[in-house]
Structures are given as C-alpha cells and as structure tokens.
1. In the stretch 601-616, is there at least one residue being open to solvent by 20 Å² or more (accessible area, probe 1.4 Å), more than 23 Å from N259 (Cα to Cα) and in a strand (DSSP E or B)?
2. Checking T442 against (1) among the hydroxyl-bearing types (S, T, Y); (2) open to solvent by 10 Å² or more (accessible area, probe 1.4 Å); (3) at pLDDT 85 or above, which single condition isn't satisfied?
3. Here is a list of conditions, (1) at pLDDT below 85; (2) among the hydrophobic types (A, V, I, L, M, F, W, C); (3) assigned to a helix (DSSP H, G or I), and I245 meets all of them except one; can you say which number that is?
4. May I ask you to list pairs of residues, at least six apart or on different chains, whose Cβ atoms are under 7 Å apart, with the first in the stretch 256-269 being under 18 Å from F234 (Cα atoms) and touching a residue at least 24 places away in the same chain (Cβ under 8 Å) and the second being hydroxyl-bearing (S, T, Y) and open to solvent by less than 10 Å² (accessible area, probe 1.4 Å)?
5. Could you list, in sequence order, the residues of the stretch 467-483 that are open to solvent by less than 60 Å² (accessible area, probe 1.4 Å) and either over 17 Å from N438 (Cβ atoms) or not hydrophobic (A, V, I, L, M, F, W, C) (or both)?
6. With (1) surrounded by fewer than 24 Cβ atoms within 10 Å (Cβ to Cβ); (2) touching a Pro at 6+ places or on another chain (Cβ under 7 Å); (3) within 17 Å of F319 (Cβ to Cβ) as the list, and L111 as the residue in question, which single condition is left unmet?
7. Among (1) more than 19 Å from G555 (Cβ to Cβ); (2) open to solvent by 60 Å² or more (accessible area, probe 1.4 Å); (3) of a type outside the set (V, I, T), there is one condition E431 misses while meeting the rest; what is its number?
8. Would you check which residues across the stretch 630-665 are open to solvent by less than 20 Å² (accessible area, probe 1.4 Å), in contact with a helix residue (DSSP H, G or I) (Cβ under 9 Å, 6 or more places away or on another chain) and among the hydrophobic types (A, V, I, L, M, F, W, C) and list them?
Amino acid sequence: MVLLNIFDTTLPLTNPVLKFFLILVIILFAPIILNKIKIPHLLGLIIAGAVIGPNGINLMERDSSIIMSGTAGLLYIMFLAGLEIDLGDFKKNSKKSFVFGMYTFLIPMILGILSGLYILKFSLATSVLLASMYASHTLIAYPLISKLGLAKNKAVNITVGGTLITDTLALLVLAVIVGMTTGEVNTQFWIRLSVSFIIFGFIVMFIFPIIGRWFFKNFHDNVSQYIFVLMMVFLGSVLAEMAGIEAIIGAFLAGLALNRLIPRTSPLMNRIEFVGTAIFIPFFLIGIGMLIDYRAFFKDLETIKVASVMIVVATSAKFLAAYITQKTYKFSVDERRLIFGLSNAQAAATLAAVLVGYNIIIGETATGAPIRLLSESILNGTILMILFTCTIATFVAQKGATNIALLENTDTTLNDDDTKEKILIPISNTETVDELINLGVTIKSKSNKDGLYALNIVDNTSADGSADKQAKKILNQAAITASATDNLLHQLMRYDLTIVNGITSVAKEHKITDLILGLHKNQGISSSFLGDLTEGILTKCNLTTLIHKSVQPFGTIKRHIVIVPKNAEKEIGFPFWLIKVWNIARNSGAKLVFYATKDTMSFLQDIQSKHPITSDFIEFDDWNDILILAKEFQKDDNLIIVLSRKDKPSYHRNMAKIPIYLNKYFKQTSYIIIYPIQAGVFDTSKIDFKNPTFIEPFETLDEIGKTIAKLFRQK
C-alpha cells in the first residue's frame, strides 16, 4: 500500500518526496545533457521546467512550494549581485551605472509606448504599463557570468548598478499606473512612498552593517553565520515590500550592506554561493520554465501579433541601450554582449507587472465580459517574451563571458615551479588556525588553488606520545578550513630540534615564496622574537614574511592602515608584498590607508590608477613620529607595518622599537608585520633597477606585477 502511494501514477505528481527527487534529477542532468549541445545550463533548467510543467507533460504543478523556492532563488540572485559587486568600482562607476540605467529604462519606455499606441492600438495607460515591462529586466545570466569569474568586470558592475535603477523606475511606473487606475495617486501617495523609501534605505544601508559586524564578531559558528545572512536577505526584502517597492530591491541592497563583511575568499562566501547555485537559483529557473505555454503560439492571431511585437521591441530596445553604452564608454564587443545578456532577460519584475495589470478590471463589454488593463493576449505574449528573451540573454552572455575569460587567461603569465606562489603557514594553536588559513587564502593570487602549506613541527627529542595526534588534529582543522574555500591545503608534519630549523628546511624543500606566522590575540610581540626571526629564518631563506595577530574576524575590519617606509619601492621585495596587500583590499572590500613618503606615494598611486581599490594616501616621512598615528586609529582598524633590515634602503632605526609600540599602544588591535624579500640577503650590494634580471620576476606574479615592472622600466 505504501509503495502504491509513493509510485502513484496520476498526474500531476503529489508525493513530495517524488517531486523533490524529480527536481534534483533535473538540476543535475539538464545542464549536463544540454551543455553537450552547447546550450547554456541556465536555459536548460528553464526548458526542463517548461517540459515538466502544467503546460508541458504536466508532471508537476507550479504550486506554492515551487513559487516559494523560486522567489527565494530570485532574491538570491539579486543578493549575490549586491554581495559580489566591487564597492570601490561601484562607487567609481556610479555615474556610468546611472547613465546605463537611464538608457535601459528610457529607450524601452519610448519604443514601448509608441509601439503600444500605434502598432497594437492600446490605450495610453496600457501602453505605458507595457513599456515599463520592457524596461525592467532580471539578471538571469548573472550566475553564469559569476561562475566564469567576471563578477567584478566593469561592464558587469555597471549593468548591475543600472539594473537597480531601471527596475526601481519600472516598478514605480507600475505603482503609479495602478494607483491612477484605482484613483489612489495623490499628494499623500507620493509622501508615503518617499518617506517609507527613505526609512527603508536608512535601515538597510546603515543599520544592517552594524548588526552584521556585531554578529560576525561574537558568533563564529558556520551554520549560524549562514542562517544569519539568509535572514538578513529576507528581512531586507520584507522591509522593501513594506516600503511599497519590490522585494528584489531589498535583496540587492542587503547584499550591498553586507558586502564588506563577507570577504570574497571566506568559507562563508563559498557556502552562500554554493547553496544558491545548487538549490535556490535552479528552483527559480525551473519555476520560470513552468510558466511557459507553447500553445499560446496557436491560440489566435492576436496573441501571435502581440507576442511578436513584444519580443522585437523588448529585445531591440535592450540591445540599443547596450550598444549606446558601449559607444559611450568605449567597451569591447564582448563587454557589450555582457551588458546585453544581463539586461535582456525578462522574468521577475515583468511577470509581477503583467499579473497586476491582468487582475485590474477597468470595465465590461456589452456581454458582461471584464475589460482588463492588460488583456489575455498580453499575458500570453509576456510568457512567450520571457522564453525568447531568456534564451537570447543566456546565449549572448555566455559567448561574451567565455571570450573575455579566455582572453584574461591568455594574458596571464604561467609560473614555473621555481616562481610559483607557495605560502607556508606554521600552526601550533587551534585558536589561531582559522584566521591564519583565512589570511593565506586572502593574500594568495586568484589562480593559485594548491599553493597553501600548513606545517606543524614536533620536537623530535620529546617523549610525549600525544604530540603526533595533536599535530594531526591541528593540521586536519587547517585542511577543513581551506577546503571550505575550495582550496587544497598540503599538510606537513615535521620532526626537528627547533622551530626555526623546521621552517627553514621545509621552505627550501618546497620552494616556499611566502611565510605567515601567527601570534595569539593575548600574546604580545617581543624584540627577541623579531631578532630570532630575522637572524634565524630570514637570513636562511628569502621569503615575504607576514606576522599576524588577530583580535577580530578579518571580515569585520573596516580599514587597513598601511605604514610604508621611505625607499620601500627601491627594494626587490616591494612588488611581492604589495600584491599581498592589494589582494587583501580586493578580497575583503575594506579600505587601504597608505602612510608613505611623497616618492613612494607617487609610485603607489600609479599602481592604484591602473588597478583601482578603495584607498587613501597620506604623506608620512618621519618614523620618529610614528606614535602620532595611534591617534588616527579607529575601532575595527587593522595595522599593517612594512619593516626592513639593517643596511637596506628602507631601514629606519626606529623599526627596532616597533614591538614596544605595538605592545603598549596597539594591544587590542589586529596587526600584520611584513618583512619583504630582500636583495642581497647575505650582502649589501646595490640594486640595479635597469637590470632585466631584476625586473622580469615581477612579471610572473600577476597583472599588478606587470604594472610594477613597467613603472620600474620607466623610472
């Protein structure tokens, strides 16, 4: 009897276990099968939804569970767009986003109103509402572009910003048309809408970050952090609806609000992307597919006419907006494809508008049939428009994104084994493991997926049998932390007489390029520690060395104060440590505040102009006044100090006092001390900046290294 109930053959299926199994089968196999014939996996899920839906073979109904999961998927897409956007570029390109937003709103509005009035012979109210449906769009192709690593591309950044503008304006038009039809548009309507929108914006953009920073500081459980993020997404969406605007705007702004609190390389970001890509977003795409009714093509000539006009006008208007944006800002053809692919798909806001318009009855015919603001032919035409625009958008976006990704990979210099980035992280304390591994993931280059090494050194004179087990436990914890960010961690356990011998031997054996040492948050740093470090490790193996003390999660840092000594740019280690610092800014979203001399600052500003990050530059040339900086320090700041060794160009005698200053004035502050690679570690020979053998190693790093090499040649 139970088996008969499970395998009930009546359609549509009602057994929840069987329905969920079917959806998982579709999520798994639809992309695999359709990718073989070069159909984007996003489109594959939409097609699968159309096949199994009520208008296909009727395997499943588009019931409340599908609608709820699909709504969560749509909000997830908008949230990810806000979370992954580069806020520095977003602010820098805000004017361009506004211009594109107006292009992609006004052009469809103008063409839509004209086509509605003169081709389809609709009323003015119907034509305006129809045009607003063309103006809005859904970022259907965003997961595809993000998967190819182009979420921070300037064209994507501008398009995402423009989406916020055009969708807001389109939904405002919807609210006004509905209000005019029902007679509710008056002064009170505008005051209520304006006040509620301001209150909503203030809560999300100012209160959400405060709540988020407090939560991440005090609660470190992985599950709790993810549920908290999900709760904030839906809270932002609920507040948006309470303010009289669409939930997708709230989800996007929630992403912006939490942007700086969730580093790009953190385990939490990996979980957010994984769950969204694996579950929520596919549910949304399948739900969209279930709306598609191929029979609408054959219902009547009016439906075919309306659908054809809607498809042509919506697609041409969005292409025209993308084309004008390309010419205005001199984008490439592939960047135009990204813009058009992201902005052409009609789904969520369009569907909301057509259902609202369809349900508004403005009169009756002589026979008593209701006259709707948007007729049934428009409703059917909208479903067909969703199918066509989503198909076009995914193909175009995939082509543009693939071409750009291939171009970027072609431009990247591949490192051989001698220059490949390898980061060694000695670990001995379970309390500091996670933060040290997260720092390693944050500073490494994007392409480096297997260059992290965790080391635990066991005293080979010790008779303690539990030392091995403790070492393996700590190394396993480090591997789990790294794997949560999709990075492979090499676990190394070594028996040695001293920690220094163990580190230097492993560094040489594995050709390590960078070393991260950790301090417990309750432990200070002593002059003897730095002395042992410089004499013991750095003179035996030439590494970029970072000493990290963490008193709060890295994602909750607002600013990184970077103190750079005079002549730092004249040392061979300059580009190597600078790339690490640049990666901190790029992966965490926090601001860098550089304190440096005028000459060094000029060098840094040249690099910043070509590789923009959120940063400030303050002239500072006297290490005798370094304590003055303590007054400029704010809560949630992290201090980064670049040191040097005696007889090197950037050395200053006050560097020896740094441990005293840190222990006395920065006891409750997170900090990173950086020892750069030094030219002539065993001698004091002068560096020849015109020598190609000095410059060429920089070019193997990444695009910043190439920029630095070019600047050296110019100078």
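The values are calculated or read from the model by the stated rules, or taken from the named source; none is laboratory data. Bear in mind that the values here come from a model prediction, so they are computed numbers and not experimental data. Here the Cβ is made from the backbone with ideal geometry for all residues, glycine too, and neighbour counts use every protein chain on show. What goes into the accessible areas is simple: the full protein's heavy atoms, side chains included, and nothing from ligands, DNA or RNA. Shrake-Rupley method; radii C 1.70, N 1.55, O 1.52, S 1.80 Å.
1. Within the stretch 601-616, not a single residue is open to solvent by 20 Å² or more (accessible area, probe 1.4 Å), more than 23 Å from N259 (Cα to Cα) and in a strand (DSSP E or B).
2. Single failed check for T442: (2).
3. Here I245 meets the rest and fails (3).
4. Hits for this filter: L261/T556.
5. Taking the stretch 467-483 and keeping what is open to solvent by less than 60 Å² (accessible area, probe 1.4 Å), we get 467-468, 471, 474-475, 477-479, 481-482.
Within the stretch 467-483, A467, D468, A471, Q477, T481 meet the criteria.
6. If we test L111 against (1) surrounded by fewer than 24 Cβ atoms within 10 Å (Cβ to Cβ); (2) touching a Pro at 6+ places or on another chain (Cβ under 7 Å); (3) within 17 Å of F319 (Cβ to Cβ), just (2) comes out false.
7. Among (1) more than 19 Å from G555 (Cβ to Cβ); (2) open to solvent by 60 Å² or more (accessible area, probe 1.4 Å); (3) of a type outside the set (V, I, T), E431 violates only (1).
8. Matches in the stretch 630-665: L639, I640, I641, V642, L643, M655, I658.
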